[in-house]
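See below for the structure under consideration.
The values are calculated or read from the model by the stated rules, or taken from the named source; none is laboratory data. What you see is a predicted model, and the numbers here were worked out from it, not measured in a lab. Glycine gets a Cβ as well: all are built from the backbone with ideal geometry, and neighbour counts include every protein chain shown. Heads up: the accessible areas ignore ligands, DNA and RNA and are worked out on the full protein's heavy atoms, side chains in. Shrake-Rupley method; radii C 1.70, N 1.55, O 1.52, S 1.80 Å.
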Amino acid sequence: MTAQAAIASGRVELANERQRSLVTAKVRVLVVVALFMFATLAALLRIAQLGLFEPAPDARSMAEALLPPRGDIVDRNGSPLARAIPAYALWYNPKAFGAEGGSPLVKTPEEIATALMQIFPDGDYNDFLRRLKSDRPSYLRRRMLPEDANRIFALGEPALEFPRESQRFYPQGSLAAHVLGFVDETGHGHVGMEQVLDQRLNDPALRGMPTALAIDMRVQGALEDELGRGMTDSNAKGAAGIVLDVDTGEVVALASLPSFNPNRSDLAYNDLVFNRVTNQVYELGSVVKPITIASAIDAGVVTDLSVRYPSGRPLQIGGYQIHDSHSFGASLNVPEALIHSSNIVTAQVADKLGGPALRATMMQLGFNERPFIELPARGFPIWPRGDWARITTMTVSYGHGVALTPLHLAAAYAAMVNGGVWRPATLMKVEPGHAAAGRRVFKASTSARMRQLLRMIVADGTGRKANAPGFRVGGKTGSAEKPGAHGYQKTNLIATFAAAFPMDKPRYVVIAMLDEPQGTQATSGQRTAAWNAAPVVGRVVPRIGPLLGINPDSTRDIDISDLSPLVGNGEGE
């Protein structure tokens, strides 16, 4: 081949090589374009599928996204009682390293369990250890503070994870715990208003607005504080109290002691969640006597309060005897019987009134059914069924043979002093003019007379230690022996003081009850309500009166001048 031919051949080969490279480049471009078009088509098809056949993953508006996961609960003045806040949980993930077999922990389970106990002293070491040795993922802790999460993170264990959750927080701690209840790990309420309002608090249409209760946080604190002091002073095993608006039925405060902290996560089987105000029934004793007298006055059985009844000896009814705590003289009229708390005279008034009439009054007051309130835990009274025998009527008249909750008593006293109208109690804030209509139980004139008599008991009788100056308190003591397997237990009492103030224009009922108070130095060795429950009310009223717009006024009082000449002085329970 000549040199010229060789050069020509090389040019041809070079041209062919360029042609092949160009073709290869074009093919590659076509492949890339095809792949891009395929991906684009797939994306468009997926978008079409989602748009046509599947709902949007999150159709919430921005406003809905900003809603709390559970609605707030506030008191009547807007102070927070329960709210949802972001929180951490502690999750154990045994597959954190992704490998089967071997320990997912850097340290030993024993070392980690010990470290967790140092961070959570209220935890259970054995439970921590069991979970850490398991190959199943589980929660080690719910509701954890950020600083606790930081301490656990410092342990350097990848298997310990910190998912974000919503925590129900009670900024007042144990205050009003029996009213509020608590929320479990699944986000559902239990025991109190958290259970009652569960659907509302989780409803997206409603949970953006806080739910206002009738409770006044300040009044609640004062009631719990003074009940706690009363328990300590008398070495009682429990206490209950309530402050009730006599015109609306609103529960301004409700306390059951001992209490619990709803911020704790181990409450499901805690005995402290039991509510003594609404769920436990008691024979409340002599606090029932004014209700008997009111019924007799209303029925026209008692018209002249100066009429005297024999009281010097026990009252013999068949094989039973009715006694007083001690002798108050040969005879007593009705005002004296209330002031000295005479079983004998009250039983005679009830006998004259008759069982059907007394029974009808108590049924009108709701004594034969569970108390009316929103809380789920409501005790059923012990109520004599059928026609009442004569002795039953007499014993019920002074608070034996019928067992009620303190809430029953509060609603009855409200009806007795507010003009005669019984209304159901409520824990929901009532707007002005929207109170329940209720039902009339007593005449207005009967209610006016009972206000005088209750004031006299505090001014001159067994309730003197509740006589807060300037607040015109009226009320009645009750000290009842608790029933047992072999009859009444003389050493175990339920001590109660039922009161209302101010008696010239009643606004609130206050109930204080102590379960099994003991005679201590603080109570002068006495166990009766005059020495332990009445002083609780005497301290509560001056604390809560100004908070509720009732200031002390020593120039005002209910007029009892027509009754004062009828009574002498003496001591009772």
Elements of type helices (runs of 4 or more DSSP H) contained in the range 107-182, each with 1 or more residues being open to solvent by less than 20 Å² (accessible area, probe 1.4 Å) and closer than 30 Å to residue 374 by Cα
177-180
Between 506, 552, which is modelled with pLDDT of 95 or more, part of a loop (DSSP other than H, G, I, E, B) and surrounded by 17 or more Cβ atoms within 10 Å (Cβ to Cβ)?
506
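Condition check: polar (S, T, N, Q), under 24 Å from residue 490 (Cβ atoms) and either surrounded by fewer than 24 Cβ atoms within 10 Å (Cβ to Cβ) or touching a Gly at 6+ places or on another chain (Cβ under 8 Å) (or both). Does residue 342 satisfy that? Full working, then the answer.
On the way: polar (S, T, N, Q): yes; under 24 Å from residue 490 (Cβ atoms): yes; either surrounded by fewer than 24 Cβ atoms within 10 Å (Cβ to Cβ) or touching a Gly at 6+ places or on another chain (Cβ under 8 Å) (or both): yes.
Against the criterion (polar (S, T, N, Q), under 24 Å from residue 490 (Cβ atoms) and either surrounded by fewer than 24 Cβ atoms within 10 Å (Cβ to Cβ) or touching a Gly at 6+ places or on another chain (Cβ under 8 Å) (or both)), residue 342 qualifies.
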Identify, please: which residue in the range 282-301 is in contact (Cβ under 8 Å) with a residue 40 or more places away in the chain and surrounded by fewer than 21 Cβ atoms within 10 Å (Cβ to Cβ) and is, among those, farthest from residue 254 (Cα to Cα)?
301
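Considering every residue within the range 310-328, establish whether at least one is at negative phi, in contact with a Ser or Thr (Cβ under 7 Å, 6 or more places away or on another chain) and basic (Lys, Arg).
No, that holds for no residue.
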So residue 232 passes all but one of these: (1) on the phi > 0 side of the Ramachandran plot; (2) part of a helix (DSSP H, G or I). Which condition number does it fail?
(1)
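Hey, does the range 480-499 have a residue that's crowded, with 17+ Cβ neighbours inside 10 Å and part of a loop (DSSP other than H, G, I, E, B)?
Here is the first cut: in the range 480-499, the residues crowded, with 17+ Cβ neighbours inside 10 Å are 480, 492-499.
Next cut, part of a loop (DSSP other than H, G, I, E, B) only: none.
Looking through the range 480-499, none of the residues is crowded, with 17+ Cβ neighbours inside 10 Å and part of a loop (DSSP other than H, G, I, E, B).
For the range 151-173, enumerate the residues that are under 28 Å from residue 67 (Cα atoms) and either modelled with pLDDT of 85 or more or not basic (Lys, Arg) (or both).
To start, the set of residues in the range 151-173 that are under 28 Å from residue 67 (Cα atoms) comprises 161-173.
The answer is 161, 162, 163, 165, 166, 167, 168, 169, 170, 171, 172, 173.
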Residue check for residue 330: out of contact with any Asp or Glu (no Cβ under 6 Å at 6 or more places or on another chain), free of Cβ contacts under 8 Å to residues at least 24 places away in the same chain, hydrophobic (A, V, I, L, M, F, W, C) and over 16 Å from residue 391 (Cβ atoms):
yes
Subset tally (residues that are out of contact with any Phe, Trp or Tyr (no Cβ under 8 Å at 6 or more places or on another chain), within 30 Å of residue 215 (Cβ to Cβ) and at pLDDT 60 or above) for the range 33-84:
15
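Per-residue answers, yes or no, for (1) aromatic (Phe, Trp, Tyr); (2) open to solvent by 60 Å² or more (accessible area, probe 1.4 Å); (3) more than 12 Å from the chain's Cα centre (by Cα):
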{"position": "188", "(1), (2), (3)": "no, yes, yes"}
{"position": "203", "(1), (2), (3)": "no, no, yes"}
{"position": "227", "(1), (2), (3)": "no, no, yes"}
{"position": "230", "(1), (2), (3)": "no, no, yes"}
{"position": "240", "(1), (2), (3)": "no, no, no"}
{"position": "250", "(1), (2), (3)": "no, no, yes"}
{"position": "256", "(1), (2), (3)": "no, no, no"}
{"position": "276", "(1), (2), (3)": "no, no, no"}
Name the residues in the range 517-546 that are under 30 Å from residue 215 (Cα atoms) and exposed (fewer than 14 other Cβ atoms within 10 Å of the Cβ), would you?
546
Checking 278, 248 in turn, the sole residue that is in contact with a Pro (Cβ under 6 Å, 6 or more places away or on another chain), among the hydroxyl-bearing types (Ser, Thr, Tyr) and in a loop (DSSP other than H, G, I, E, B) turns out to be 278
Identify the residue in the range 3-32 that is open to solvent by 100 Å² or more (accessible area, probe 1.4 Å) and modelled with pLDDT of 70 or more and, among all such residues, is farthest from the chain's Cα centre (by Cα).
19
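What number of residues within the range 431-467 are within 30 Å of residue 210 (Cα to Cα) and buried (at least 18 other Cβ atoms within 10 Å of the Cβ)?
Result for the range 431-467: 1.
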